[in-house]
Amino acid sequence: MKVVLEHVTKRFPNRDKKIKTEVTAVNDISFEIPDGKLIGLLGPSGCGKSTTLYMICGLQKLTEGRIYFGEEDVSDLSPENRGVGLVFQNYALYPHMTVKQNIMFPLENLKGDDKLTKDEMLERTYKVAKLVQIDELLERKPSELSGGQQQRVAIARALVKMPRVLLLDEPLSNLDARLRLQTREEIRRIQRETNITTVFVTHDQEEAMSISDQIVVMKLGVVQQMGVPQEVYNNPANLFVAKFLGTPPVNVFRGEVKGGALYIADERICNTPGISDRAVYVGIRPEGFIYSPNGVLTCDFQNVEVMGGAISIVSSHKESENAIIRATVMDDVKIPEGAATVKFDIKPNKLYVFDRETEERLYF
Ligand code: ADP
Ligand code: MG
């Protein structure tokens, strides 16, 4: 089921009643989620991810805009009538019910033509329990399960109604690091097996990058960029996106475009045809540095960190926005004993220039 958001805006009255101005949680966003894909909705806390998800699911009304499932305008449908499955960060299972009863519960409330017999309900329950691999745990109570198992039950409960769209709001946040990795692989597998169009909300860029077919990066209620994770990483549309994606993070320098070339301090880095003279920010990915005795950029050497197969050359620069600069290079690089500086050439496809004022990307 394709999902389309068309100029969707959500304004809330301020939580502080004394403040009369409204809060714009989501500001005129439009994007299309292709049928059967998993989309990662990504951005810092408070940028409007949950609000967007709740509007897709019908828990929040739109202030402006429309939402379509396929060709059907669902903007005014209640959540029950949209055919969505929703999973929250805190599993929200019924503590007094067994796993089986928890999963079956949504089916017991089906009315009219959708009403199922007890046998049909059980069959569906067993099927999704198997899919999320908790079929051995059906008679237990939620308190007898680990966090990861509880979250699987919550996912099973969302899937049992065979939703048209699956919506996950930071579903891994309450799990420890190892379970988080494992459960995200699980979610990916379940999504592939069921082919349900899925929106996965997270503030964790690595999580979003690793499981999404496409990511949507948001900031202050506005979509910054949408695309295949690796493409967005390699071609950020603005400084915010460049900084939000990647660990270690992009290295940011203050620079200058003068007479068709880019300068950091007084070093000429590369030609920038088509960009008029101005102050800029320069983003360089850690893997964009080539250690080179005659390189174009000179940094103050600090130390080397071994990462197994690669090393991280740690340095600093007076025009760097970050306290330290990290350059990831192969581990056969040898820095001379007692070196005070290191020089680098820069891979052109790992260097981005942004207008210092607007922070928008300048292409050349
Ligand atoms: P995220 O999920 O990305 O952390 P949210 O969608 O929860 O962000 O919130 C986006 C913005 O809308 C925040 O500034 C938040 O405080 C505000 N907001 C969310 N829900 C409400 C509400 N019910 N009433 C008032 N403001 C809200
Ligand atoms: Mg949220």
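A short reminder: the numbers here are calculations on the coordinates, not readings from a lab. Since the model is a prediction, treat every value here as computed from it, not as a measurement. Backbone-built Cβ (ideal geometry, glycine too); neighbour counts: all protein chains shown.
Starting from the Cα-Cα distance between residue 108 and residue 310, subtract it from 0.36 nm times their residue separation and give me the gain in nm to one decimal. Walk me through the intermediate numbers first.
Details: separation 202, 0.36 × 202 = 72.72 nm, distance 5.56 nm.
Taking 0.36 nm per residue and subtracting the Cα distance, the gain is 67.2 nm.
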Estimated distance in nm for a label pair at residue 11 and residue 298, the labels positioned 7 Å out from Cα along Cα-to-Cβ: 5.6 nm
Calculated FRET efficiency, residue 182 and residue 213, Cβ-Cβ r, R0 22 Å, to nearest 0.05? 0.60
note: the chain, Cα-Cα separations exceeding 26 Å make up a percent value of 60 percent
Check each of the GluC sites (Glu not before Pro) in region 33-106 and keep only those in coil by DSSP with at most 13 other C-beta atoms within 10 angstrom; list them in order. 71
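Can you bin region 70-172 into rounded, prolate or oblate? Criterion: square roots of the alpha carbon gyration tensor eigenvalues sorted a ≥ b ≥ c, rounded for a/c under 1.5, prolate for a/b above b/c, oblate for the rest.
Working: a/c = 2.10, a/b = 1.35, b/c = 1.56.
Here region 70-172 falls in the oblate category.
How would you rank 196-209, 18-31, highest first, on the average number of other Cβ atoms within 10 Å across their residues? Write down the numbers at each step before the final one.
Details: 196-209: 22.2, 18-31: 14.9.
Final packing ranking: 196-209, 18-31.
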Set the Förster distance to 30 Å, then compute FRET efficiency between residue 19 and residue 357 from the Cβ-Cβ distance, nearest 0.05. 0.50
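Suppose a student asked you for the relative contact order of region 249-362, using Cα pairs under 8 Å spaced at least 6 residues apart; what percent would you report?
Relative contact order for region 249-362 comes out at 30 percent.
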Shape call for region 198-332, from the Cα gyration tensor axes a ≥ b ≥ c (a/c under 1.5 means rounded, otherwise prolate when a/b beats b/c, else oblate), comes out oblate
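Could you grab the relative contact order for region 3-243? Cα pairs under 8 Å, six or more apart, rounded to a whole percent.
Details: 453 pairs, mean separation 66.2, N = 241.
Contact order relative to length: 27 percent.
What full-extension length gain, to one decimal in nm, is calculated for residue 73 and residue 323 as 0.36 nm per residue of separation minus the Cα-Cα distance?
Details: separation 250, 0.36 × 250 = 90.00 nm, distance 4.99 nm.
In short, 85.0 nm is gained.
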Against the longest alpha carbon principal axis of the chain, how many degrees, from 0 to 90 and to the nearest 10, is the axis of helix 147-159 turned? 60 degrees
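Fully extended, how many nm does the chain gain between residue 116 and residue 270 (0.36 nm per residue separation, minus their Cα-Cα distance)?
Numbers: separation 154, 0.36 × 154 = 55.44 nm, distance 6.76 nm.
Stretched out fully, the residue 116 to residue 270 stretch lengthens by 48.7 nm.
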